[in-house]
Each structure stands twice: as C-alpha cells, then as structure tokens.
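Comments concern the structure below.
The values are calculated or read from the model by the stated rules, or taken from the named source; none is laboratory data. These numbers were taken from a predicted model, which means no experiment stands behind them. Glycine gets a Cβ as well: all are built from the backbone with ideal geometry, and neighbour counts include every protein chain shown.
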Amino acid sequence: MTLPRLDRVRPATRRPVTGAVLVLHGGRPEGRDAADGLRLPYLRMVPFARSLAAAGARRGVDVGLLRYRYRGWNAPDLDPVQDARWALRDLRARHGDVPVVLVGHSMGGRAALRVGGDPGVVGVAGLAPWIERDEPWAHLAGQTLLVAHGDRDRMTSPQASRWFAGRVATVSDRVAGFEVLGDGHAMLRRAGAWHDLASRFALGALGLEPFTESVAKAMAAGDPDGLAVPLGDP
C-alpha cells in the first residue's frame, strides 16, 4: 500500500514546539504513479521548506514537506487533499494542538486552500495556485490568506487567483494578494522574493512576529487594492 510521507526539515530547536508549517508541492490533474522526491514539483519546494525552517527553527516552528502518494489530483478522489489531512493528523500526533500554516504551490496550493478551514490551521499561502471556476471558498471564513502569482505564469491563472482572493475577502478581513512581477509558474526568476514572502507570512500567521508592512497594508486595503499588489521590481 502506497502511503504519503512527511519529510522533516531541520526540526525546531526550541521545545516545546510552538507551531508548524506544512509545505505542499505541485503535481498534475491525473496520475497514479508515485510522487517521489526526485520529481521537479517536489524539488522546487525544498528551498521553500528550508527557508521556512531557517526562519522558524529557533522560535519553535517545525516544518514538514509532504510527499503525496500519487502525482495527480485525481478527481473525485482528491488524493492530495486526503494526504494533506493525513499530514495534519500526523502533526497533531507529534506536537499536539499547535497552530499550523499551510504553504502550497500549484496543485499543492489548491490542496492547501481545500483544507484551509480544517481545525488548527491558522494561515494559508497559495503560491501560483491551481484554481478552477467551481473552487469552494466559503470554508475559509475568517482565515488568514495569502495568494501570490507571477504575472508571467502560463500554467495556472493569475486572474483566477485574484478572483479567489476576492471571494475569500467577502468572509475574511485578513486576505492579501500579490503579483510577483517578472516571474512565471516555477517561481525561479525571483526565488528569493517568493521564499521571503512565504516565510514572513508564515511567522506572522503563527503570531510569532508582526506581518511585514506590505502584507499588513494589503490586508487592510482589502478588495480590490489589496488583492493584486505588485511585489517589487523584476
């Protein structure tokens, strides 16, 4: 039987653990072949996990990078969603009821958004998330949400991210959206900006530091001004 796997990234150096970040990698619409750790969607999220761990380890934040059972979304089974919920249970078994932030890219962003209303989740960062027209959003009422999309992305839709953030902004006053200027779906051209945005957001959502000025202003501005904030110069 194929099982998901939660890869630990530099465990928290402070005890007890004060919070956790669950990192979710991308995939594809269909596929039952194994999502092993040598595939590019997984490898792309390794630097994010390391950046998050470096920012949070001394503050008691544990970071886990989820390796799905399968590469595909596989509707109606939604295998990455099942795996994400398995990982949340695993984190609770390890650390108790600590707050958790989800950071997901592409298909992983979609999975993060789907489980973002689950118990213990205090923040969700969707990075270039894959969003469809019928994407549910009402379960994110009151949630702390970051959606960021490269303006040159041709694989997933920046416009869909803006639409989704706008829907959630009708039920939460803690929603921020960013356009990462000059970057595409792989988040490689401005990797440092992506890593910093995700790490600072996670620490803010966990209550370990104030949100950065740009995130705080975006949340305060709301829809529409705070949902497509240009993230610096390319």
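Restricted to region 7-26, and to residues there that are assigned to a loop (DSSP other than H, G, I, E, B) and at pLDDT 95 or above, the residue that is nearest to Ala57 (Cα to Cα) is His25. Just give me the residues in region 61-84 being part of a helix (DSSP H, G or I) and either of a type in the set (Ser, Thr, Tyr) or within 22 Å of Arg50 (Cα to Cα) (or both), in sequence order. Matches in region 61-84: Pro80, Asp83, Ala84. The set of residues in region 168-195 being under 16 Å from Val46 (Cα atoms), under 14 Å from the mean Cα position of the chain (by Cα) and of a type in the set (A, V, I, L, M, F, W, C) consists of Met187, Trp194.
If you check Gly126, Gly109, Gly177, Gly104 for being more than 25 Å from Ala34 (Cβ to Cβ) and modelled with pLDDT of 95 or more, only one passes: Gly177.
The residues on offer are Gly37, Gly56, Gly31, and the sole one that is among the small types (Gly, Ala, Ser), assigned to a loop (DSSP other than H, G, I, E, B), modelled with pLDDT under 95 and in contact with a Leu (Cβ under 8 Å, 6 or more places away or on another chain) is Gly37.
Of all the listed residues (Leu203, Leu227, Leu146), the sole one being in a loop (DSSP other than H, G, I, E, B) and of a type in the set (A, V, I, L, M) is Leu227.
One residue stands out among those in region 210-224 that are in a loop (DSSP other than H, G, I, E, B) and exposed (fewer than 14 other Cβ atoms within 10 Å of the Cβ): the one that is modelled with the lowest pLDDT, which is Pro224. With of a type in the set (A, V, I, L, M) and within 20 Å of Arg44 (Cα to Cα) as the only criterion, which of Ala198, Ala205, Ala165, Ala228 stands out? Among Ala198, Ala205, Ala165, Ala228, only Ala198 is of a type in the set (A, V, I, L, M) and within 20 Å of Arg44 (Cα to Cα). Residues that are at negative phi and modelled with pLDDT of 95 or more within region 112-122 comprise Ala112, Leu113, Arg114, Val115, Gly116, Gly117, Asp118, Val121, Val122, listed in sequence order. A residue that is surrounded by fewer than 17 Cβ atoms within 10 Å (Cβ to Cβ), part of a loop (DSSP other than H, G, I, E, B) and small (Gly, Ala, Ser) occurs nowhere in region 156-170.
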